Amino acid sequence: MKGEEKLWRILNDKLETLRAGSRFPEAIRVGGTALDLAHRIFAKNDPSLAFSYERLGQLYDEQGNRAEAKPYLVKALQIVERASPPDQRAVYRIARRLADLCDLTGDEEDAICHYEKAIAAGGQLDSVRHSDLGTLLNNIALIYRQSSRPEAAEAHYLHALEIYEKQLGPNHADVATVLNNLGVFYTNERRFTEAEQMHRRALAIRKKAHPNGHADIAQSNCNLAVVYHSRGDYARAGELYRESLGAWEELSETPPEDYEIGASNYADLLRALGKVRKAASIVSRARKKRRRL
């Protein structure tokens, strides 16, 4: 038995060497051999068996073969969850990978389930950063929003905001990011009063954090412009669109994609006011600047 365990460890070391060199087909063959050996020498609930399942699933995932990866990762998660007590670090790690995998393949319900498991496990680990948990909550919220479940989406956005505010305080730049996400959500739900509140608060935080200007400030101004635009307050919307576009242009010769989206929104506003030529000029200018990429 000890000899076989030693061989199993040697195989895992070889697997990692092959993986580091992106030699995935060879690494997968070694991983399969290690898993077969693990079945012979370890009990069905042994963490070492879970490790072999996880490594093989990880290899398939990194190779881009998510359909093959999923059953191995699911089996690994089942084993670590059955441990007494469960290894929360392993649960968090495997559940998060499974959640991302399912999210990418469009398996929405499985993605939500695994995200929730990762959040529950991560919340018990001091080593897991608030930003990681916030990202997972944001990912769940996005799935719910895209699948027309706004109440569930809002609950997860608010949970993310609660975590950030508790750990960082109400005026941290990362809190502004969550507020921005909430503001976009409320705008899409046509809850414009709440959307304005979120974007105004995010904007205030970002201006304080970046007194000399920043792309995040331009983003907040543009998102606030969308709120006023949607309400029909074209004067305030136009002012904010111009401010955000000007800021993006000052910050970079090749502004981000948000710049072109903002320009398109501003052009729509101008067309609604009958200023067709000016709208075309705005769009043309944005496209030229983006082509520099």
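Within the stretch 178-202, being in contact (Cβ under 8 Å) with a residue 24 or more places away in the chain and open to solvent by 60 Å² or more (accessible area, probe 1.4 Å) holds for Asn188, Glu189, Arg190, Arg200, Arg201. For Asp61, the test of being under 23 Å from the mean Cα position of the chain (by Cα) and closer than 29 Å to Gly123 by Cβ is passed. Being surrounded by fewer than 22 Cβ atoms within 10 Å (Cβ to Cβ) and within 17 Å of Glu165 (Cβ to Cβ) is the filter; apply it to the stretch 206-229 and report the residue that is modelled with the highest pLDDT. Restricting to residues being surrounded by fewer than 22 Cβ atoms within 10 Å (Cβ to Cβ) and within 17 Å of Glu165 (Cβ to Cβ), the top hit is Lys208.
Of the residues making up the stretch 1-32, those that are of a type outside the set (D, E, K, R) and open to solvent by 70 Å² or more (accessible area, probe 1.4 Å) number 7. All conditions but one from (1) out of contact with any helix residue (DSSP H, G or I) (no Cβ under 8 Å at 6 or more places or on another chain); (2) at positive phi apply to Arg190; the one that does not is (1). Taking the criterion of being within 16 Å of Arg55 (Cα to Cα) and open to solvent by less than 50 Å² (accessible area, probe 1.4 Å), the residues of the stretch 88-98 that qualify are Ala90, Val91, Tyr92, Ile94, Ala95, Leu98. Restricted to the stretch 33-64, and to residues there that are part of a helix (DSSP H, G or I) and of a type in the set (Asp, Glu), the residue that is surrounded by the most Cβ atoms within 10 Å (Cβ to Cβ) is Glu54.
Filter the stretch 237-289 down to residues that are basic (Lys, Arg) and within 20 Å of His214 (Cα to Cα) and give me whichever is least open to solvent (accessible area, probe 1.4 Å). Within the stretch 237-289, the match that is least open to solvent (accessible area, probe 1.4 Å) is Lys289.
For the stretch 65-87, a residue qualifies if it is open to solvent by 50 Å² or more (accessible area, probe 1.4 Å), of a type in the set (Gly, Ala, Ser) and closer than 19 Å to Ala27 by Cβ, and exactly one does: Ala67.
Among the conditions (1) on the phi < 0 side of the Ramachandran plot; (2) without any contact (Cβ under 8 Å) to a residue 24 or more places away in the chain, the only one that Asp46 does not satisfy is (2).
Assess whether Gly183 counts as being small (Gly, Ala, Ser), assigned to a helix (DSSP H, G or I) and at pLDDT 95 or above. So Gly183 passes the test.
The values are calculated or read from the model by the stated rules, or taken from the named source; none is laboratory data. Everything numeric in this text was worked out from a predicted model, so none of it was measured. Cβ: placed from backbone, ideal geometry, glycine included. Neighbour counts: every protein chain shown. With ligands, DNA and RNA removed, areas are computed over all heavy atoms of the protein, side chains included. Shrake-Rupley method; radii C 1.70, N 1.55, O 1.52, S 1.80 Å.
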